[in-house]
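The values are calculated or read from the model by the stated rules, or taken from the named source; none is laboratory data. If you're wondering where the values come from, they're calculated on a predicted model, not measured in any experiment. Glycine gets a Cβ as well: all are built from the backbone with ideal geometry, and neighbour counts include every protein chain shown. Only protein heavy atoms, including side chains, enter the accessible area calculation; ligands, DNA and RNA are left aside. Shrake-Rupley method; radii C 1.70, N 1.55, O 1.52, S 1.80 Å.
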Amino acid sequence: MAPGSALIPRLVDLSPGTEALRYCFALPAQPESVAGARRLTRVRLDAWRLGGDACEAALLIVSELVTNAVVHTASSRVVCELRRLDRRLRIAVQDQGHQPGGPRLCRTADDEHGRGLLLVDAMSIAWGSHDATDASGRIVWAELPHGTEQPC
C-alpha cells in the first residue's frame with residue numbers, strides 16, 4: 001500500500017526495507033465505544049507483539065482520543081487507525097465533527113476539559129490535528145516510539 005491514507009498524511013517515508021503494519025476500525029460515537037476501541041487496540045498490538053510501556057501508552061491515547069471524539073463532536077461514528085512504522089506507532093482518530101480550531105491543551109487545574117490531551121502530549125513524541133482531506137471531519141493523531149516487546 002502506498003504511504004498515506006485518509007487518516008495518515010503522506011509525511012510518512014516508507015523507504016525500502018521499512019516494515020509498515022496498518023489496522024483500521026470504526027465504532028459508533030457512543031461512550032461504550034471507548035472500551036471497545038481499547039479492546040480492539042490491545043488485540044491488534046498483541047498480534048504485532050508490541051507490549052510493555054508502549055502498549056499501555058497506546059491504550060491510554062486511544063481512550064483519550066476516542067473519548068474526545070465522542071464527547072466533543074456530534075459524530076455518529078469514529079474511525080481509529082493504528083499504523084506501526086519501524087520503531088513508531090501512529091494512532092489517528094477521525095470524527096465527523098467540525099469544531100473550529102480543533103482540540104487544545106488546557107494547562108490550568110481549574111478547567112475540567114483538556115486534561116486528557118495533556119496526557120496525550122506527555123506520552124507521545126508528537127501529536128496534532130487537521131481537517132480530513134474530504135471535509136468529513138477532523139483527525140487527531142499521536143505518535144509514540146516502541147521497541148519489540150512482549151504482548152500487552
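A few notes on this one:
- Filtered residues of the range 15-44 (kept if open to solvent by 70 Å² or more (accessible area, probe 1.4 Å) and touching a helix residue (DSSP H, G or I) at 6+ places or on another chain (Cβ under 7 Å)): Q30, P31, R38, R42
- Residue within the range 101-110 that is under 13 Å from the mean Cα position of the chain (by Cα), modelled with pLDDT under 95 and not small (G, A, S) present: no
- Some residue of the range 75-85 being farther than 21 Å from A135 by Cα and either in a helix (DSSP H, G or I) or open to solvent by 60 Å² or more (accessible area, probe 1.4 Å) (or both): no
- Residues in the range 111-130 that are modelled with pLDDT under 75 and not in a loop (DSSP other than H, G, I, E, B): R115 only.
- Selection within the range 85-100 - at pLDDT 80 or above, more than 15 Å from H146 (Cα to Cα) and not charged (D, E, K, R): A92, V93, Q94, Q96
- Residues satisfying the criterion are present in the range 90-102 (criterion: free of Cβ contacts under 8 Å to residues at least 12 places away in the same chain and under 21 Å from A132 (Cβ atoms)).
- Yes/no for T67 being β-branched (V, I, T), surrounded by fewer than 19 Cβ atoms within 10 Å (Cβ to Cβ) and at pLDDT below 90: no
- Filtered by the rule that a residue be of a type outside the set (D, E), open to solvent by 20 Å² or more (accessible area, probe 1.4 Å) and closer than 17 Å to A142 by Cα, the range 45-64 gives a lone residue, L60.
- Residue check, T133 under 20 Å from L21 (Cβ atoms) and either at pLDDT 95 or above or of a type outside the set (K, R) (or both): no
- Pairs linking a residue in the range 135-146 that is under 17 Å from R77 (Cα atoms) and open to solvent by 20 Å² or more (accessible area, probe 1.4 Å) to a residue that is part of a loop (DSSP other than H, G, I, E, B) and aliphatic (A, V, I, L, M), with Cβ atoms under 7 Å and 6 or more positions apart or on different chains, are R138/A132.
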